[in-house]
Amino acid sequence: MNKCDVCGTESSDIQVCSSSTSGVSFAYCSRCLQSGYEPYSALVSMGLFWADINKTYKQQILIPSLNFHGKTREDFDNDVEKLYKEYTEAEQVAKTNKTEVTAGE
Ligand SMILES: [Zn+2]
């Protein structure tokens, strides 16, 4: 039994396909695959590059997927912002650690 990365359904009818959100692959049940749904976390990661996402993609993939996950555009924007903050904070920490190491040399 495999598990769908989008809806969590366990089924023997799961296919691993490359995601339309990026170069990664996810496991999809036939319903999610046919509907073009994507895992919510993948959509949020993709949201970091929002400016690069074309309008057709937003309308055809993002909006139906958000509806499927029961998320509003506002939820989505908040989660993207949260992830962006986590990224920039992690980067800041990495830089600080680096500075400390070089300063000690
Ligand atoms: Zn599914």
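With respect to the numbered conditions (1) hydrophobic (A, V, I, L, M, F, W, C); (2) surrounded by fewer than 17 Cβ atoms within 10 Å (Cβ to Cβ); (3) within 16 Å of the ligand (Cβ to nearest atom); (4) modelled with pLDDT under 95, which one is the sole condition not fulfilled by Val16?
Among (1) hydrophobic (A, V, I, L, M, F, W, C); (2) surrounded by fewer than 17 Cβ atoms within 10 Å (Cβ to Cβ); (3) within 16 Å of the ligand (Cβ to nearest atom); (4) modelled with pLDDT under 95, Val16 violates only (4).
For Tyr57, state whether it is at pLDDT below 95 and under 22 Å from Cys7 (Cβ atoms). Talk me through it step by step, then tell me what you get.
On the way: at pLDDT below 95: yes; under 22 Å from Cys7 (Cβ atoms): yes.
Spelling it out, Tyr57 is indeed at pLDDT below 95 and under 22 Å from Cys7 (Cβ atoms).
How many residues are closer than 14 Å to Val6 by Cα, of a type outside the set (Gly, Ala, Ser) and loosely packed, with under 13 Cβ neighbours inside 10 Å if we restrict to the stretch 60-76? Quick ask: steps written out before the conclusion?
First pass over the stretch 60-76, keeping only residues closer than 14 Å to Val6 by Cα: 61-62, 64-71.
Still in the list and also of a type outside the set (Gly, Ala, Ser): 61-62, 64, 66-69, 71.
Subsequent filtering for residues that are loosely packed, with under 13 Cβ neighbours inside 10 Å retains 67.
Total meeting the criteria: 1.
Tell me which residues, restricted to the stretch 19-38, are in a loop (DSSP other than H, G, I, E, B) and more than 9 Å from the ligand (Cβ to nearest atom).
Taking the stretch 19-38 and keeping what is in a loop (DSSP other than H, G, I, E, B), we get 19-24, 36-38.
Those that are in a loop (DSSP other than H, G, I, E, B) and more than 9 Å from the ligand (Cβ to nearest atom): Ser19, Ser20, Thr21, Ser22, Gly23, Val24, Gly36, Glu38.
The values are calculated or read from the model by the stated rules, or taken from the named source; none is laboratory data. Here the structure is a predicted model, which is why all the values come from computation and not from measurement. Positions of Cβ are generated from backbone atoms using ideal geometry, with glycine treated the same way; all protein chains shown enter the neighbour counts.
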